[in-house]
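K.L.:
Can you read through this structure? Questions will come right after.
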Amino acid sequence: MNINKVLVIGSGTMGCGIAAQVANAGIRVTMLDLPSKEGARNQIVEKAKERILNSRPPLLLEKNKIDLISAGNIEDDFAKVREADWIVEAVVERIDIKHNIYKKIEEERKEGSIVSSNTSTIPLKILSQKMNDNMKKNFCITHFFNPVRYMGLLEIVTQSINDEENINTLKSFCDQKLGKGVIICKDTPGFLGNRVGVYAMQVAMTEAFKMELSIEEADSIFGRPMGIPKTGIFGLYDLIGIDLMADVLKSFLKELPKKDPFHEVAKENSFITKMIEDGYTGRKGKGGFYRMRKEGGQKNLEAIDLKNGNYSKAKKIDLGIGDQINIEKLINLNGKYGDYAKTVIKKITEYASSLIPNVTNDKNNIDEAMRLGFNWSIGPFEMYNKINNIQKTDEIKQKYLDSKLNTLRRMKNKNYLRKENASSNCYYYENKDYNIVEFTTKANALDSDSMEMLKSACDKNLIINNESLQFSAGVNLNYVMEYAKNKEWNKIEKFIIDFQKTCKKLKYSEFPVISAPSGLAIGGGFEVLCQSNYVVSHTNVVLGLVETLVGLIPAGGGCKEMLWRWSLSEDAMNDYDLAPLKVFDLIGYAKTASSPNEALPNKFLLEKDRVVINRDRLLHESEKLLEEVYQNYKIPKKPIFKLSGAAVRNKMYEILENLYKDKKILDHGLEVGKQLAFVLSGGNTSMNKELKEDDIYALELEAFMNLIQMPKTQERIKHTLETGKPLVN
């Protein structure tokens, strides 16, 4: 059976998320909820569709996907269940309501259709206890993680009576069409991801209290150095909601046997109970373990003291081991930091081991559930192997995927490493004769080591692909600011020239270069991507040139490449100023696209590029593209630019003056805009002159060096590095 029509019952957060992701796949979906007591009968679902349209981050790849979602209600439109190949129940977590819905579905569904519940708490055996055997065979739990578009994990919980062929059909559909990493789970409390993930959170928290660590200290350890998102444990608690976490723990304690170690770490904490009573429930409340406080017109991040409950300015903790994942160094830190890391990892690993085989048969499923569902870079068993220096080169990773599918994670497991440095790795896959370059810094920020690796990897077909959440957030600004602080302008200039040479080498390599981005590909990261020959993009990608936010302009070829792309458009053939004005708008406003669909109209991506909804398939699709283009690959022709110089620059200046007059930009915004205008207009040129690519590169370099030496640009960079937000000055 193929899944061509989907029906979702329930239009809350999860129902909306599931319906939106089905629509993203280009598949029609009907969403049903209660009929409205007032106004139009389908008003509840229509309002849910409005929430989907206005969601931030966006649930839809492009707004017109909303047309694939039909609205209805369970009284007037329940007969639509007959048309659906897959029916998803996503209503409130009340078993009586769910049982009533299942009874109605049982009466209406067509033979062979799949029915699932999105519950995260109610066991499958309880959900299905009143169903006939035919319904039970085709019923399972599909536990999506929120937000559905962005979280990779989908747990399918099954029972022995299930029709195996239908479960496999659903698994393949959710993998290939919805882009999910599908792990089959047994019917146990919390299933797999939450069982391990929530336990890990509680261990990290209880040990921090026990060892008297500050919340900043705990978050610096149970964070990036451990391969865990930078929120850490207390930041994550604030993000989820401290009161919500308390309810989650109560549910686990109710369901799990008394002998389960979960009980030891989930006991009520009087300090946290008081926080909830006082309204400190996290980001949605007055604050939580952290809070933002305004003082003297400035916002300051404060952290709570776990001993007395008082807040003070949050401290940055330097562990002295760099900002990369480094579990070996972490556990060997002297004193309480190393002790905390060792204890937390040991307890999590022991608990995860205790779940085999009752929860899952395979350690790899636990590692992958933590990666896909909690954004860990490595799972507990991989941590254990690293600590004990266990090399498992024959172990198959990502067992939830087709075994024939190449992924970077699997390639790394097979000892294909060719070269490595402080910022990147290069792997060589001999069977298909191509290199893979992976960036390894924080947010995959680019530096000289990244450039050196890219240049050296161009000696063969090349795919640039990263396992971490981001493709690259751009050039390492800390790296640049260190030179600026010492006024080593020649070193900055040397780096920018090297960056330009690297991007040119990518573009004009003897062999095709493919970038396979996911997450952020902005600033310098986008410049690498747009000067690759092809792009295979994940649907969850953010693309754009954002340098003006920190008082700079793109200098690795971003201005040049976007100018060239727009100059090839049909409209630009009749209007030579169209391309520079369009690019001035895109770069000046630091516009970004949050999906490939949004990227195409801005020419951040081109028609020749490809899109993949499942991140795990980026390398596989890149391989396929490489095979298609390799035989007929030709080095691109170098562009020639005809720009009108002062004529178009005056138009840009007029735009800037109006923005300045309306106070939409301030003094430095005006200066950055003028520097950008000089580059995009071609500098001191006119329409009867031809400019080569190197001429635009030279203009980019000149403008960048002018701006980086200005105190107001340095103020912007410093502010962004400290707060994560742009400064308007």
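K.L.:
Looking at region 35-46, which of the residues that are surrounded by fewer than 15 Cβ atoms within 10 Å (Cβ to Cβ) and not charged (D, E, K, R) is farthest from I69 (Cα to Cα)?
P.N.:
Among those that are surrounded by fewer than 15 Cβ atoms within 10 Å (Cβ to Cβ) and not charged (D, E, K, R), it is G39.
K.L.:
Just wondering, is there one or more residues in region 483-504 that are touching a helix residue (DSSP H, G or I) at 6+ places or on another chain (Cβ under 9 Å), closer than 18 Å to L543 by Cα and either modelled with pLDDT of 95 or more or in the same structural domain as P225 (by TED's automatic domain parsing) (or both)?
P.N.:
Yes, region 483-504 has at least one match.
K.L.:
Considering only residues of region 275-322 that are within 26 Å of the chain's Cα centre (by Cα), among the charged types (D, E, K, R) and farther than 23 Å from N478 by Cα, which is surrounded by the most Cβ atoms within 10 Å (Cβ to Cβ)?
P.N.:
Among those that are within 26 Å of the chain's Cα centre (by Cα), among the charged types (D, E, K, R) and farther than 23 Å from N478 by Cα, it is R291.
K.L.:
Looking at region 32-57 only, could you name the residues that are over 17 Å from A90 (Cα atoms) and among the aliphatic types (A, V, I, L, M)?
P.N.:
A40, L53, listed by residue number.
K.L.:
Can you say whether E452 is at pLDDT below 95 and either in the same structural domain as V542 (by TED's automatic domain parsing) or of a type outside the set (G, A, S) (or both), as far as the supplied structure shows?
P.N.:
no
K.L.:
Exactly one of (1) assigned to a strand (DSSP E or B); (2) not assigned by TED's automatic domain parsing to the domain that holds P512 is unmet by K419. Its number?
P.N.:
If we test K419 against (1) assigned to a strand (DSSP E or B); (2) not assigned by TED's automatic domain parsing to the domain that holds P512, just (2) comes out false.
K.L.:
Something else about it: Looking at this structure, is L626 buried (at least 21 other Cβ atoms within 10 Å of the Cβ), touching a Phe, Trp or Tyr at 6+ places or on another chain (Cβ under 8 Å), in a helix (DSSP H, G or I) and not basic (K, R)?
P.N.:
In short, yes.
K.L.:
Take region 209-223 and flag every residue that is assigned to a loop (DSSP other than H, G, I, E, B) and aromatic (F, W, Y).
P.N.:
The one that is assigned to a loop (DSSP other than H, G, I, E, B) and aromatic (F, W, Y): F222.
K.L.:
Considering only region 666-683, I want to know if a residue exists there that is basic (K, R) and within 30 Å of S403 (Cα to Cα).
P.N.:
Looking for residues that are basic (K, R) and within 30 Å of S403 (Cα to Cα), one finds none in region 666-683, hence no.
K.L.:
Something else: Answer yes or no as to whether A40 is over 24 Å from N540 (Cα atoms), among the hydrophobic types (A, V, I, L, M, F, W, C) and either in contact (Cβ under 8 Å) with a residue 40 or more places away in the chain or assigned to a loop (DSSP other than H, G, I, E, B) (or both).
P.N.:
Yes; evaluated as a whole, the condition is true for this residue.
K.L.:
Sticking with this one: Determine which single condition L626 fails, assuming it passes every other condition in (1) touching an Asp or Glu at 6+ places or on another chain (Cβ under 9 Å); (2) among the aliphatic types (A, V, I, L, M); (3) on the phi < 0 side of the Ramachandran plot.
P.N.:
Answer for L626: the failing condition is (1).
K.L.:
Shifting gears a bit: Can S567 be described as under 25 Å from the mean Cα position of the chain (by Cα) and over 16 Å from Y697 (Cα atoms)?
P.N.:
Judged against the criteria, S567 is not a match.
K.L.:
Does K399 meet the test of being in contact with a helix residue (DSSP H, G or I) (Cβ under 7 Å, 6 or more places away or on another chain), surrounded by fewer than 19 Cβ atoms within 10 Å (Cβ to Cβ) and closer than 16 Å to L619 by Cα?
P.N.:
no
K.L.:
Does any residue of region 634-645 turn out to be over 25 Å from K692 (Cα atoms), touching a strand residue (DSSP E or B) at 6+ places or on another chain (Cβ under 7 Å) and of a type in the set (V, I, T)?
P.N.:
no
K.L.:
May I pose another question? So is L552 crowded, with 24+ Cβ neighbours inside 10 Å and within 20 Å of L619 (Cα to Cα) or not?
P.N.:
no
K.L.:
So if I check each of G10, G15, G112, which one is over 26 Å from A593 (Cα atoms) and touching a strand residue (DSSP E or B) at 6+ places or on another chain (Cβ under 9 Å)?
P.N.:
Just one listed residue meets the conditions, G10.
K.L.:
Quick one: in region 94-115, of everything that is among the basic types (K, R) and within 35 Å of the chain's Cα centre (by Cα), which residue is surrounded by the most Cβ atoms within 10 Å (Cβ to Cβ)?
P.N.:
It comes out as K98.
K.L.:
Identify all residues within region 685-719 that are without any contact (Cβ under 8 Å) to a residue 60 or more places away in the chain, under 22 Å from T548 (Cα atoms) and of a type in the set (S, T, N, Q); write none if there are none.
P.N.:
N706, the sole residue that qualifies.
K.L.:
Sort out which residues of region 138-151 are surrounded by fewer than 20 Cβ atoms within 10 Å (Cβ to Cβ) and in contact with a helix residue (DSSP H, G or I) (Cβ under 8 Å, 6 or more places away or on another chain), and write them in order of number.
P.N.:
Within region 138-151, N146, P147, M151 meet the criteria.
K.L.:
A further question follows. Condition first: farther than 22 Å from G474 by Cα and surrounded by 16 or more Cβ atoms within 10 Å (Cβ to Cβ). Now tell me which residues in region 678-717 satisfy that.
P.N.:
Result: F678, S681, G682, G683, T685, L691, D695.
K.L.:
Are there any pairs, at least 6 apart or on different chains, whose C-beta atoms fall under 7 Å, with the first in region 83-101 and without any contact (Cβ under 8 Å) to a residue 60 or more places away in the chain and the second surrounded by 15 or more Cβ atoms within 10 Å (Cβ to Cβ) and assigned to a strand (DSSP E or B), and if so, which?
P.N.:
That search, which allows pairs on different chains as well, returns K98/E89; K98/S117.
K.L.:
So, of the residues in region 323-339 that are in contact (Cβ under 8 Å) with a residue 60 or more places away in the chain and assigned to a loop (DSSP other than H, G, I, E, B), which turns out to be surrounded by the most Cβ atoms within 10 Å (Cβ to Cβ)?
P.N.:
Selected residue: I325.
K.L.:
I'd like to verify a number: residues in region 598-612 that are surrounded by fewer than 19 Cβ atoms within 10 Å (Cβ to Cβ) and either part of a helix (DSSP H, G or I) or at pLDDT below 95 (or both), how many?
P.N.:
Adding up the residues that qualify gives 2.
K.L.:
So which residues in region 56-71 are free of Cβ contacts under 8 Å to residues at least 24 places away in the same chain and in a loop (DSSP other than H, G, I, E, B)?
P.N.:
Listed by number, the list holds a single entry, R56.
K.L.:
Select from region 644-654 the residues that are over 9 Å from G683 (Cα atoms) and among the aliphatic types (A, V, I, L, M) and list them in ascending order.
P.N.:
A647, V648, M652
The values are calculated or read from the model by the stated rules, or taken from the named source; none is laboratory data. None of the values given here were measured: they were computed from a predicted structure. When we count neighbours, we look across all protein chains shown, and the Cβ atoms used for this are built from the backbone with ideal geometry, even at glycine.
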